[in-house]
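One structure below.
The values are calculated or read from the model by the stated rules, or taken from the named source; none is laboratory data. Owing to the predicted nature of the structure, the values given are computational and were not obtained by experimental measurement. Counting neighbours? That spans all protein chains shown, and the Cβs are built from the backbone with ideal geometry, glycine included. Ligands, DNA and RNA are excluded from the accessible area calculation, which covers all protein heavy atoms including side chains. Shrake-Rupley method; radii C 1.70, N 1.55, O 1.52, S 1.80 Å.
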Amino acid sequence: MSALAKRLRTSAVVVGLVGSLVGGAWSVTAHGLDASTSASVGVPGEDVNEVFDAGAVQWFPPTEAGEPLSGIGSWPITLASIRRPLQAGARFGATVAQGDLDGDGFAELVIGAPGAYDGAGAVYVLPGGPDGGLDYFEAGGLLQGRGLISGGREPGDAFGAAIAIGTRSNGEGWLAISAPGEDLGGIEDAGLVHVVDGTLTGGDVLISQRSLGLASEPHDRFGTTLASAGTALVVGTPLEDVAGSIDAGIVSVLAAASGDLPGSGATRNLLPGSAGTPGISEAGDHFGAALAWLDPTLVIGAPGEDVGSAADAGAIVVVSLGAPAPAQHWWQGVGGLEGSAETGDGFGASLSAGADAFVVVGVPGEDVGAAADSGAVQVIRASASGLVAAGNQFVTQASTGVEGDSETGDRFGHAVSTHGERVLVGAPFEDLGPRADAGAIWVFIAAPSGGLDLAGDQLFTQDSSDVRGIAETGDQFGAATSGDR
């Protein structure tokens, strides 16, 4: 048993966590273990033993890097399988993240349950092992007001609504967990982020807008999104009001002092139109609704950005956090990008960056022919100077070689994640026969050209061969993804 597993066992006894989750999010995470990869698919809408929306995570076993996933040996993880009571409405698996927290060379699986305890929230950590598997029986839980997590457990806090795993400059890991529904000093839903050492020892660091020198305001929901950027933590607050513009959004980058946790260094707040960040803060932009890190650049989604007369067409902003480089502002149809900015496209609603120097942008509101909100993803290559339009790829279910059909309301691209050469795309509202919104995910391998190999794609649902589970109405399989950092 690893040292982390021993600590998790202790915390499970002392804390006595019971988990569940709020909100309709599902998640998919790509796991990197040595030279192999596995995948976990969150299924928080899953009914377990007739317990409504108890939730589950479907785990796919490792395969060699660049090889297809296999349903053989896949296994559902539920609260019961990690020795926790099932709860109606738990929606276990709404957020998932993976990374080596304790520095033993094996990746832990972190599962968020922000609806536990009437929406107070909980997070579970499953230790990784040398065979690429997970130790279900040593899963530990984290809860506000217990153990190393400070604060009080209150309904609606949504602790675990976003998770990020990062690394200190000395190689040790850290874990950030948001509670965007946290009330601060009577300010409703101001939001709070907890940062803990990857060994899950000591205490936590609390970060709020107030601690960063900003004003905490009602319903800001600070920490709606989180991402690691090298040793720094990036916090998205897409519902921040800016100079009277409601829900314009803001992003905060929290640096770390040498060997320390994020928040111990300088903070940089990013707003469109200020400090070298292109664009203008406007009502409903939702700047910061998605985040992706492609060293040394940070990619920020603003899916509510209006482009000309096209409301909520969406855009992304690219900012260098390293060597000085011009910031960039992209939307469909600009500078050679395929497609055109149209009302409701939501370009930038999801983001992920691949190690092979490309960014995947979700466009879940894209209409394909007569199929409204069928969805798409856009793959944009990166260079030393930022993103480049040359060779960009626009992918829908109607693209040649892609399995499935573009149908109204599928929202293909609602979630995306990458790990190495593998790209996962979720379509949470995919109908399977009469089962509306059962959901599906696609797995693509990056081609040497920098795009995706569409002919070799894989389509997975809970009805897929060798996948344990049954697709049901409203499951929304694939509604959110979280890739390996």
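What ranking of 233, 271 comes out by heavy-atom accessible area, probe 1.4 Å, highest first?
So the residues, ranked largest to smallest area, are 271, 233.
If you count only protein heavy atoms and use a 1.4 Å probe, how large is the accessible surface of residue 245, to the nearest 10 Å²?
30
Highest mean first, how do 318-330, 112-124 rank when packing is the count of other Cβ atoms within 10 Å averaged over residues? Please list the in-between numbers first.
On the way: 318-330: 16.1, 112-124: 27.8.
Answer by packing, highest mean first, reads 112-124, 318-330.
Given the peptides 276-282, 87-93, 358-364, arrange them by the average over their residues of other C-beta atoms within 10 Å, most packed first. List each step's numbers first, then the result.
On the way: 276-282: 16.9, 87-93: 26.1, 358-364: 28.1.
Highest to lowest by the protection proxy: 358-364, 87-93, 276-282.
Any idea what the dipole of the chain comes to, in debye rounded to 20, about its Cα centre with Lys/Arg Cβ at +1 and Asp/Glu Cβ at -1? Present the calculation step by step, with values, prior to reporting the outcome.
Values: 18 positive and 58 negative charges, 288 e Å.
So the magnitude is around 1380 debye.
Using only Cα atoms, locate the centre of segment 108-134 and the centre of segment 224-279, then give the distance between them in Å, rounded to an integer.
26
Along segment 205-214, what does the Karplus equation 6.51 cos²θ - 1.76 cosθ + 1.60 (θ = phi - 60°) give for ³J(HN,Hα), rounded to whole Hz, x for Gly and Pro?
Values per residue, Gly and Pro as x: 9, 9, 10, 9, 4, 5, 5, 8, x, 9 Hz.
For the chain, which whole-number percentage of the solvent-accessible area (1.4 Å probe, protein heavy atoms only) is attributable to carbon and sulfur atoms?
Working: 8770 of 16570 Å².
Ligands and nucleic acids excluded, carbon and sulfur reach 53 percent.
With labels modelled as points extended 7 Å from the Cα through the Cβ direction, what inter-label distance (nm, one decimal) is found for residue 398 paired with residue 52?
About 3.7 nm separates the two model spin labels.
Using a Förster distance of 22 Å, how high is the FRET efficiency between residue 464 and residue 389, based on the Cβ-Cβ distance and rounded to 0.05?
Numbers: r = 35 Å, r/R0 = 1.60.
The calculated FRET efficiency here is 0.05.
Accessible area per residue for the chain in Å², computed with a 1.4 Å probe and the full protein assembly in place, what is it? Don't jump to the answer; show the numbers that get you there.
Working: 16570 Å² over 485 residues.
About 34 Å² of surface per residue is accessible.
Ordered by packing density, taken as the mean number of other Cβ atoms within 10 Å over each peptide's residues, highest first, how do 147-153, 209-215 rank?
Sorting 147-153, 209-215 by mean packing, highest first, produces 147-153, 209-215.
Identify which of the listed values of percent of Cα pairs over 34 Å apart was calculated from the structure shown: (i) 27; (ii) 39; (iii) 73.
(i)
For n ≥ 4 DSSP H runs only, could you compute -39500 (n - 2.57) per run for the chain, divide by its residues and tell me the 222 nm figure to the nearest 500?
Numbers: 2 runs with 17 residues, N = 485.
Computed mean residue ellipticity for the chain: -1000 deg cm²/dmol.
Put a dot 7 Å past each Cα toward the Cβ at residue 257 and residue 370; how far apart are the dots in nm?
Here the modelled spin labels are 6.5 nm apart.
Sort out for me the Cα centre separation of segment 410-463 from segment 205-220, rounded to whole Å.
36
Could you tell me what percent of the DSSP beta bridges with both partners in segment 314-414 are antiparallel, to the nearest 5?
Of all bridge pairs located within segment 314-414, approximately 90 percent are antiparallel.
Once the piece of chain linking residue 211 and residue 325 is laid out straight, how much longer is it, given 0.36 nm per residue of separation minus the C-alpha distance between them? Don't jump to the answer; show the numbers that get you there.
Details: separation 114, 0.36 × 114 = 41.04 nm, distance 2.90 nm.
Gain in length upon complete extension: 38.1 nm.
I'd like the accessible area for residue 422: 1.4 Å probe, protein heavy atoms, all chains in place, Å² to the nearest 10.
10
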